[in-house]
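Please read the structure below before turning to the comments.
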Amino acid sequence: MRLGVVVILVVGAVSAFAARDPLRRLATCNDGLPNTSAWEAGGRCVGLSAGPYAFGLPAFEHVMRVIDEQNRTAADGCPGTPVTVGVLLTMTDQLAGSRAVHELEGMAVGQRRANDIGCVHPMRLVVGNLGDYGREGDALAVARKLAQRRDVVAVAGIGLSDQTTAEVADLLAAEKIPMVSDVVTAEGFDQAGSAGDDPDFTRCDENITYPRGVGKDYYYRVAYRVAVQVYALRAVAPTRPDFVMVPTGGSDPYTCTTLPFLHREYGGELLEVKFDAEEPTTVSQTARRVCATAKDVTIAYVARGRDLGRLLYDLDESYTNGQCAATSITVLSTSDGNRLRTAESNAALEDLRGKALSSPSFTGGRVRVLFTLVAGADGPEQDNPQWAEFEEAYAAAGFDLAHIGDGWAVNAYDALSTVVAAVRALPAASTVQRSQVNITIGGFTSLELAVAGAGGKIYFDNSGNRAGPGPAVVRLCPAGELGGRPYVPTVEAKPGEPMPECARPGA
């Protein structure tokens, strides 16, 4: 017996020693309480939360408290059977920046509206933090844990344009979970691999799966894909770009699938100037090269918006120092240009963004920026009468209206609203099934059957892409020149018309 006790104690001690790190990670990532809902990966807390737990990220604490309160009171005014909707996003990746907070706020506002007047099935959210891309992230493990919850009838979000997102979509589709993506724009990220656009993936990494499509039969997206974004830019800015600014490497689907469309639309090979997204000084080198051209210059910026503020700042520095021969510079960007309207969480990037948007060359109009909206609209228009209710609910939830400006909150709200519209169409007394939600979303195929979103009417083509007239192209204006909204203003650019002017104070 004594020998047996000794063996048990030794085995127990060894097991405890071996398990100390997993236990520490489980405890650290669950507010100190051992729990398998969240865990550490790549130095971040990832996993699931349906309550106030914000993965140790202070910026998300308010919105997670709002979701927690809405989860607890969901059934108060809804007569039907409850539903749970998953929300998947990266809260920390540098390509998302502070916009991830706005994205989750948009989801929370969508839930608030879902459980408001007209509610049939009380809706609860469970939030999944996918972690960072390109590190020791655990996105697939998070998605798998969410998919294993049988109460989850749909997923909104699913991440950024990244190979990992394609794998997440396929995992969810294998579990027959319908998903409505909010900010994925790259080609290939639809059910048919964007076959109708005839994309070129030769500039992308090897061993990627999205050219074959993602989430077959279960995937839809409310963000406009890059093909229609490039078409919209070409329509309002037909002048052939003098330069295409593009990062080195082919790992980013947002860049590698956009670039071939740009070459195609503007008629042949354009002059590419490269920069290294990991080395900021190379952006300055690119600015000097652009400034060596003594004429009106057009730059097509085909990269993530993280570095766009730095480019504008460096161009202004060249003008200020008398080292820029270009008489004017017009920068064209696809939807990640909306990031210029967002205060950066990184202090250095925010400093550059602020200086760029207040610089003499930008405020005086010598440097102009045009980009496509990521959302259907960024304000009230004739075809989005829901905008006023969206803004009202956003403010009522205690969120800052300035967060609406970059479009991520709008698209997040519209993605969840698409799920809400499907759920509301199902009988109140019956348990909602994933297959029912999917078939209903798949029926939103025309203007007459469209979901009324904050950004306009939402309906899909046969591949799950957002259908309709395509995105608006806007010119970014200096802050404060257009009153009425707390975020950086824009003015729409239209085909066949001159470059729109930004309104001046009192105009």
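The values are calculated or read from the model by the stated rules, or taken from the named source; none is laboratory data. It should be emphasised that the depicted structure is a prediction, and the values quoted were computed from it without experimental measurement. Don't worry about glycine lacking a Cβ; one is built from the backbone with ideal geometry, like all the others, and counts go over all protein chains shown. Just so you know, the surface numbers come from the protein's heavy atoms only, side chains and all, with ligands and any DNA or RNA stripped out. Shrake-Rupley method; radii C 1.70, N 1.55, O 1.52, S 1.80 Å.
Consider Thr440 carefully, then state whether it is of a type in the set (Val, Ile, Thr), surrounded by fewer than 23 Cβ atoms within 10 Å (Cβ to Cβ) and touching a helix residue (DSSP H, G or I) at 6+ places or on another chain (Cβ under 7 Å).
Working: of a type in the set (Val, Ile, Thr): yes; surrounded by fewer than 23 Cβ atoms within 10 Å (Cβ to Cβ): yes; touching a helix residue (DSSP H, G or I) at 6+ places or on another chain (Cβ under 7 Å): yes.
Here the answer is yes, as Thr440 does meet what is asked.
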Practice problem: For the stretch 89-100, indicate whether the set of residues that are farther than 19 Å from Arg44 by Cβ and either modelled with pLDDT of 95 or more or hydroxyl-bearing (Ser, Thr, Tyr) (or both) is non-empty. | Solution: no
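How about the stretch 142-161: which of its residues are more than 12 Å from Leu88 (Cβ to Cβ) and under 21 Å from the mean Cα position of the chain (by Cα)?
We begin by selecting, within the stretch 142-161, every residue more than 12 Å from Leu88 (Cβ to Cβ); these are 148-151, 153, 161.
If the condition is that a residue be more than 12 Å from Leu88 (Cβ to Cβ) and under 21 Å from the mean Cα position of the chain (by Cα), then Ser161 is the only one that fits.
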Quiz item: Which of (1) of a type outside the set (Lys, Arg); (2) free of Cβ contacts under 8 Å to residues at least 12 places away in the same chain; (3) part of a strand (DSSP E or B) is the odd one out, the single condition Pro469 does not satisfy?
Solution: (3)
Self-check item: Criterion: of a type in the set (A, V, I, L, M, F, W, C), in contact with a Ser or Thr (Cβ under 6 Å, 6 or more places away or on another chain) and either surrounded by 22 or more Cβ atoms within 10 Å (Cβ to Cβ) or within 19 Å of Leu416 (Cα to Cα) (or both) - qualifying residue of Val142, Val127, Val153
Solution: Val127
Exercise. Please specify each residue of the stretch 171-188 satisfying the condition of being touching a residue at least 40 places away in the same chain (Cβ under 8 Å) and not in a loop (DSSP other than H, G, I, E, B).
Key: Leu172, Ala173, Met179, Val180, Ser181
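Conditions tested, residue by residue: (1) under 28 Å from Leu340 (Cα atoms); (2) over 17 Å from the mean Cα position of the chain (by Cα); (3) not charged (D, E, K, R).
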site: Val87; (1), (2), (3): yes, no, yes
site: Ala100; (1), (2), (3): yes, no, yes
site: Arg113; (1), (2), (3): no, yes, no
site: His121; (1), (2), (3): no, yes, yes
site: Tyr133; (1), (2), (3): yes, no, yes
site: Leu140; (1), (2), (3): no, yes, yes
Self-check item: Looking only at the stretch 343-356, and only at residues there that are part of a helix (DSSP H, G or I) and among the charged types (D, E, K, R), the one that is most open to solvent (accessible area, probe 1.4 Å)
Solution: Lys355
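Need at least 1 residues that are out of contact with any Ser or Thr (no Cβ under 7 Å at 6 or more places or on another chain) and of a type in the set (Ser, Thr, Tyr) per element, so show me which strands (runs of 3 or more DSSP E) inside the stretch 255-342 make the cut, counting only ones lying wholly within it. Even if it seems obvious, please write down each step before you answer.
Details: elements: 272-275, 296-301, 328-333.
Once the strands (runs of 3 or more DSSP E) in the stretch 255-342 are filtered for at least 1 residues that are out of contact with any Ser or Thr (no Cβ under 7 Å at 6 or more places or on another chain) and of a type in the set (Ser, Thr, Tyr), what remains is 328-333.
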Quiz item: Could you list, in sequence order, the residues of the stretch 329-367 that are out of contact with any Pro (no Cβ under 8 Å at 6 or more places or on another chain), closer than 27 Å to Ala227 by Cα and among the hydroxyl-bearing types (Ser, Thr, Tyr)?
Solution: Thr330, Ser333, Thr334, Thr342
Quiz item: Does Ala108 satisfy being open to solvent by less than 10 Å² (accessible area, probe 1.4 Å), under 17 Å from the mean Cα position of the chain (by Cα), modelled with pLDDT of 95 or more and farther than 22 Å from Ile441 by Cβ?
Solution: no
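How many of the residues making up the stretch 166-197 are open to solvent by 10 Å² or more (accessible area, probe 1.4 Å), of a type in the set (D, E, K, R) and closer than 13 Å to Ser463 by Cβ? Steps first, please.
At the first step, the residues of the stretch 166-197 found to be open to solvent by 10 Å² or more (accessible area, probe 1.4 Å) are 167, 170-171, 173-176, 183, 191-192, 195-197.
Now restrict to residues that are of a type in the set (D, E, K, R): 167, 170, 175-176, 197.
Pick out the ones that are also closer than 13 Å to Ser463 by Cβ and you get 197.
Qualifying residue count for the region: 1.
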Quiz prompt | Within the stretch 225-274, tally of residues that are more than 23 Å from the chain's Cα centre (by Cα), in contact (Cβ under 8 Å) with a residue 24 or more places away in the chain and open to solvent by less than 30 Å² (accessible area, probe 1.4 Å) | solution = 8
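For the stretch 424-437, which residues satisfy the criterion of being part of a loop (DSSP other than H, G, I, E, B) and either among the acidic types (Asp, Glu) or buried (at least 18 other Cβ atoms within 10 Å of the Cβ) (or both)? Outline the logic, then answer.
First, pick out the residues of the stretch 424-437 that are part of a loop (DSSP other than H, G, I, E, B): 425-433.
Within the stretch 424-437, Leu426, Val432 meet the criteria.
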Quiz item: Which residues, counting only those in the stretch 209-245, are among the charged types (D, E, K, R) and closer than 30 Å to Thr286 by Cα?
Solution: Arg225, Arg234, Arg240, Asp242
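Can you tell me which of Val488, Val432, Val419 is more than 21 Å from Val155 (Cα to Cα) and not aromatic (Phe, Trp, Tyr)? If you could, list the steps in order and put the result at the bottom.
Values: Val432 fails: more than 21 Å from Val155 (Cα to Cα); Val419 fails: more than 21 Å from Val155 (Cα to Cα).
On inspection, the qualifying residue turns out to be Val488.
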Quiz prompt | For Gly322: the one exception among (1) open to solvent by less than 30 Å² (accessible area, probe 1.4 Å); (2) without any contact (Cβ under 8 Å) to a residue 12 or more places away in the chain; (3) of a type outside the set (Phe, Trp, Tyr) | solution = (1)
Exercise. For residues that are touching a Pro at 6+ places or on another chain (Cβ under 9 Å) and part of a strand (DSSP E or B), scanning just the stretch 125-170, find the one that is farthest from Ser251 (Cα to Cα).
Key: Val153
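From the residues in the stretch 71-85 that are under 16 Å from Val423 (Cα atoms) and surrounded by fewer than 19 Cβ atoms within 10 Å (Cβ to Cβ), which one is nearest to the chain's Cα centre (by Cα)?
At the first step, the residues of the stretch 71-85 found to be under 16 Å from Val423 (Cα atoms) are 74-75, 77-85.
Those left that are additionally surrounded by fewer than 19 Cβ atoms within 10 Å (Cβ to Cβ): 75, 77, 79, 81-82.
Numbers: Ala75: 30, Gly77: 31, Pro79: 33, Thr81: 31, Pro82: 28 Å.
Top of the filtered list is Pro82.
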Quiz item: Just for the stretch 480-504: of the residues that are closer than 20 Å to Val331 by Cα, touching a helix residue (DSSP H, G or I) at 6+ places or on another chain (Cβ under 6 Å) and assigned to a loop (DSSP other than H, G, I, E, B), which one is modelled with the lowest pLDDT?
Solution: Val488
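Is it the case that Asp162 is in contact (Cβ under 8 Å) with a residue 12 or more places away in the chain, open to solvent by 10 Å² or more (accessible area, probe 1.4 Å) and within 28 Å of Ala277 (Cα to Cα)?
Details: in contact (Cβ under 8 Å) with a residue 12 or more places away in the chain: yes; open to solvent by 10 Å² or more (accessible area, probe 1.4 Å): yes; within 28 Å of Ala277 (Cα to Cα): yes.
Criteria met by Asp162.
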Quiz item: Tally time: how many residues in the stretch 47-70 are of a type outside the set (Ser, Thr, Tyr) and either open to solvent by less than 60 Å² (accessible area, probe 1.4 Å) or within 21 Å of Ala141 (Cα to Cα) (or both)?
Solution: 15
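Of the residues Asp378, Asp336, Asp383, which is open to solvent by 50 Å² or more (accessible area, probe 1.4 Å), touching a residue at least 24 places away in the same chain (Cβ under 8 Å) and on the phi < 0 side of the Ramachandran plot?
Details: Asp378 fails: open to solvent by 50 Å² or more (accessible area, probe 1.4 Å); Asp336 fails: open to solvent by 50 Å² or more (accessible area, probe 1.4 Å).
So the residue among Asp378, Asp336, Asp383 that is open to solvent by 50 Å² or more (accessible area, probe 1.4 Å), touching a residue at least 24 places away in the same chain (Cβ under 8 Å) and on the phi < 0 side of the Ramachandran plot is Asp383.
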